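Asker: Supplied in C-alpha cells, the structure appears directly below.
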Amino acid sequence: MPTPSHLNNPLYFDFRAARRVPESHAWPGLDDHPVVDGGAAPPGSPDAVPVVDLREPPAAAAARVARAAEQWGAFLLTGHGVAGELLARVEERIACMFALPAADKMRAVRGPGDACGYGSPPISSFFSKCMWSEGYTFSPASLRRDLRKLWPKAGEDYASFCDVMEEFHKEMRALADRLLELFLRALGLTGDQVAAVEAERRIAETMTATMHLNWYPRCPDPRRALGLIAHTDSGFFTFVLQSLVPGLQLFRHAPDRWVAVPAVPGAFVVNVGDLFQILTNGRFHSVYHRAVVNRDMDRISLGYFLGPPPHAKVAPLPEAVPPGRSPAYRAVTWPEYMGVRKKAFTTGASALKMVAAAAGSEDADATATAAVHQPQLVVSS
Ligand SMILES: C=C1C[C@]23C[C@@]1(O)CC[C@H]2[C@@]12CCC[C@@](C)(C(=O)O1)[C@H]2[C@@H]3C(=O)O
Ligand SMILES: O=C(O)CCC(=O)C(=O)O
Ligand SMILES: [Fe+2]
C-alpha cells in the first residue's frame with residue numbers, strides 16, 4: 001500500500017502517535033522565569049489577572065479597563081452577553097475540525113505568505129523549533145469559501161462549522177464595537193467629544209476581524225514542549241477564548257514571571273495588541289504572552305483578532321498625546337508593521353521600538369508629525 005502523502009510532508013507531525021517530545025519540538029529555556037497561578041491570587045493582588053465585568057456601569061467598567069490596559073495589557077472580560085451555550089458549540093465545532101484526518105487538513109495548508117489556512121501560525125517561521133500545536137486561520141468574511149478546502153464536499157460538518165462561526169462572528173463583532181467604545185472612554189475620550197466620536201466611528205466602521213483557532217494536543221513531556229511561542233498580538237485587540245483547560249500565560253515584570261490565566265467558564269481574555277499601543281501613544285501596552293501544554297488533556301483556544309483594514313495608517317490619537325509633546329510612534333499600516341516585525345525577529349530588535357518616533361530617521365519623524373494633523377486612521381483607497 002502506498003504511504004499516505006501527508007506522512008511524507010515535513011509540515012505534518014502526528015502528535016497522537018508521539019510517545020516523547022522529539023528534539024525538533026524541544027524548546028530550551030522554558031523555565032527561565034517562574035510561573036505563578038493567577039487563579040489562586042486574591043483579587044487586586046499583584047498576580048491576580050484584572051477582571052472587567054460589562055454589567056458594571058460604563059464609568060466603572062471604563063476605569064477598570066484603563067487600569068488593566070495600562071498595567072497589564074490584558075484582562076478577563078465577563079458579563080459580555082455572549083451565551084455560554086454558543087461558546088460551547090464553537091469549541092465543539094473547533095474540536096471536530098481538528099479531528100479531521102491529517103490528509104484533509106493538509107489540503108488546507110497555509111502557503112508561504114498566505115494569511116489564512118491550516119498549520120503553524122505565521123510566527124513559527126521565525127523559529128527553528130516546532131510548537132506543540134496545530135492552528136487554523138480564517139477570515140469570517142470569506143468563511144464559506146475558505147472552509148471548502150477542509151470540507152470539499154460541504155456536507156453536515158461543514159454546514160454546522162460555518163453556521164456556528166457566523167453566529168459567533170456576528171456577536172463578537174458587536175462586542176468588539178462595545179469594547180472599543182469602552183477603551184476610548186478609558187483613554188479619557190468622552191462620548192460628547194466630537195473628535196472622539198468621529199475617531200471611534202471611523203475605527204469601528206473599518207475594523208476587520210480574523211479568527212485563529214489553536215489545538216494543543218496533550219503532550220508526553222510538557223516541560224520540554226511549547227504550545228505557542230511568547231509573542232504580542234500585532235493588531236488592535238484580541239478576544240481569546242480558552243476552553244476549560246488553562247494554558248495561557250501573561251508575562252509580568254518586577255519580578256519577571258509568567259502569570260497563568262485561570263480558565264474562567266464563559267469569560268474571554270482580552271489582549272491589547274501592538275497597533276493599539278501605537279494608537280494610544282503607549283498609554284495602553286500590548287501584552288507578551290504564550291501558551292503551554294499539559295500531559296493529560298487536549299486544549300483548544302480561539303483568538304478573535306481585531307485590527308485596521310490593510311490600507312489604513314495607524315498613528316497615535318491626538319487626544320492620547322500629552323499637550324506640547326510629539327507622538328511617540330510614527331504612522332504605520334498593519335502590513336507595514338508586520339514587515340517591521342519580521343525584520344525585528346530576524347535581528348532580535350523590538351518592532352515597537354523600531355516604529356517609535358524617537359527611533360527615527362528624518363522620514364519617521366516627518367510621518368509622526370504629519371500624523372497629528374491628519375485624521376488618525378487614514379483610510380485611503
Ligand atoms: C490577524 C492576525 C494576527 C496573527 C496573524 C494574523 O494574520 C492571523 C494569525 C494571528 C496569529 C495567531 C498566533 C500568534 C500570532 C503572532 C501569529 O503568528 O499568528 C498571531 C498574529 C499576530 O497577532 O500578529
Ligand atoms: O492559546 C492561547 O491561550 C493563546 C492564543 C494566542 O495567543 C493567539 O492565538 O494569539
Ligand atoms: Fe496571541
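The values are calculated or read from the model by the stated rules, or taken from the named source; none is laboratory data. None of these values were measured; they are calculated from a predicted model. Counting neighbours? That spans all protein chains shown, and the Cβs are built from the backbone with ideal geometry, glycine included. Ligands, DNA and RNA are stripped out before the accessible areas are found, and what is left, the full protein with its side chains, is counted by its heavy atoms. Shrake-Rupley method; radii C 1.70, N 1.55, O 1.52, S 1.80 Å.
Asker: Against the 2.2 N^0.38 Å scaling, with N counting residues, where does segment 265-366 land? I'd like the Cα-based Rg ratio to two decimal places.
Answerer: Working it through for segment 265-366, the quotient is 1.28.
Asker: While we're here: With a 1.4 Å probe and all protein chains left in place, how much of the accessible area of segment 241-284 comes from carbon and sulfur atoms, in whole percent?
Answerer: Details: 790 of 1260 Å².
The computed percentage sits at 63.
Asker: Using helices alone, I'd like the mean residue ellipticity at 222 nm for the chain: each DSSP H run of four-plus residues gives -39500 (n - 2.57), total over residue count, nearest 500.
Answerer: Details: 10 runs with 120 residues, N = 381.
Rounded to the nearest 500, it is -10000 deg cm²/dmol.
Asker: Taking only Cα atoms, what is the 0 to 90° angle, nearest 10, from helix 362-373's long axis to the longest principal axis of the chain?
Answerer: Roughly 70 degrees, rounded to the nearest 10.
Asker: Across segment 228-320, how large is the tail of the calculated P(r) beyond 20 Å, expressed as a percent of all Cα pairs?
Answerer: On the way: 1797 of 4278 pairs.
That tail contains 42 percent of the Cα-Cα pairs.
Asker: Also, quick follow-up: Normalise the Debye intensity by I(0) for segment 47-100, one equal point scatterer per Cα, no solvent, then take log10 at q = 0.18 Å⁻¹ and round to two decimals.
Answerer: So the normalised log intensities work out to -0.70.
Asker: Whole number please: convex hull volume per residue of the Cα set in the chain, in Å³? Walk me through the intermediate numbers first.
Answerer: Numbers: hull volume 57.4 nm³, N = 381.
Dividing the Cα hull volume of the chain by its residue count gives 151 Å³.
Asker: What is the extension gain from Asp14 to Asp32, computed as 0.36 nm multiplied by their sequence separation minus the C-alpha to C-alpha distance, in nm to one decimal?
Answerer: On the way: separation 18, 0.36 × 18 = 6.48 nm, distance 2.83 nm.
So the chain would gain 3.6 nm between Asp14 and Asp32.
Asker: Let me ask something else about it. In degrees between 0 and 90, to the nearest 10, how far off the longest principal axis of the chain does helix 84-98 point, with axes built from Cα atoms?
Answerer: 50
Asker: Measure off 7 Å from each Cα along the Cα-to-Cβ vector at Val197 and Gln71, then give the distance between these two points in nanometres to one decimal.
Answerer: Placing both labels 7 Å along Cα→Cβ, they lie 3.3 nm apart.
Asker: Same structure again: Just the number please: accessible area per residue for the chain, 1.4 Å probe, all protein chains included, in Å².
Answerer: On the way: 17480 Å² over 381 residues.
Solvent-accessible surface per residue comes out at 46 Å².
Asker: Here is a further query. Using Stokes-Einstein with the Kirkwood hydrodynamic radius over Cα pairs, what translational diffusion coefficient do you get for segment 152-304 at 25 °C and a viscosity of 0.890 mPa s, in µm²/s rounded to a whole number? Provide the component values of the computation, followed by the final result.
Answerer: Working: Rh = 17.4 Å.
Value of D from the Cα-based Kirkwood radius: 141 µm²/s.
Asker: Here's something else I'd like to know. For segment 114-160, which whole-number percentage of the solvent-accessible area (1.4 Å probe, protein heavy atoms only) is attributable to carbon and sulfur atoms?
Answerer: Working: 1240 of 2300 Å².
The nonpolar share, carbon plus sulfur, comes to 54 percent.
Asker: Over the alpha-carbon set of segment 26-121, divide Rg by the Kirkwood Rh and report the Rg/Rh ratio to two decimals. Working shown, then result.
Answerer: Working: Rg = 19.3 Å, Rh = 17.6 Å.
Rounded to two decimals, Rg/Rh equals 1.10.
Asker: Here is a follow-up. Could you tell me how many degrees, from 0 to 90 and to the nearest 10, lie between the Cα long axis of helix 194-206 and the main elongation axis, the longest principal axis, of the Cα atoms of the chain?
Answerer: 20
Asker: Assuming 0.36 nm per residue, please report the length gained on full extension of the stretch Asp53 to Ala358 beyond their Cα-Cα distance.
Answerer: On the way: separation 305, 0.36 × 305 = 109.80 nm, distance 3.72 nm.
Residue separation times 0.36 nm, minus the Cα-Cα distance, leaves 106.1 nm.
Asker: Which ³J(HN,Hα) values, rounded to whole Hz and listed in residue order, are derived for segment 110-119 from phi using the Karplus coefficients 6.51, -1.76 and 1.60 in 6.51 cos²θ - 1.76 cosθ + 1.60 with θ = phi - 60°, glycine and proline given as x?
Answerer: With coefficients 6.51, -1.76 and 1.60, one gets 5, x, x, x, 6, 7, 10, x, 9, x Hz.
Asker: Apply the Karplus curve 6.51 cos²θ - 1.76 cosθ + 1.60, θ = phi - 60°, to the phi angles in segment 292-309 and return the couplings in whole Hz, x for Gly and Pro.
Answerer: Listing the rounded values in order: 9, 10, 9, 6, 9, 10, 5, 10, 10, 9, 9, x, 10, 9, 10, x, x, x Hz.
Asker: Within 10 Å, count the other beta carbons around each residue, average over each peptide in 144-150, 181-187, and list them highest first. Don't jump to the answer; show the numbers that get you there.
Answerer: Values: 144-150: 16.3, 181-187: 22.0.
Sorting 144-150, 181-187 by mean packing, highest first, produces 181-187, 144-150.
Asker: Could you give the length gained by full extension between Ala204 and Ala254, i.e. 0.36 nm per residue of separation minus their alpha carbon distance, to one decimal place? Let's see the in-between values first.
Answerer: Working: separation 50, 0.36 × 50 = 18.00 nm, distance 3.53 nm.
Stretched fully, the Ala204-Ala254 segment lengthens by 14.5 nm.
Asker: Please work out the Cα convex hull volume for segment 92-133 and give it in Å³ per residue. If you can, show how the numbers build up before the last one.
Answerer: On the way: hull volume 3.8 nm³, N = 42.
For segment 92-133, the hull spanned by Cα atoms encloses 90 Å³ per residue.
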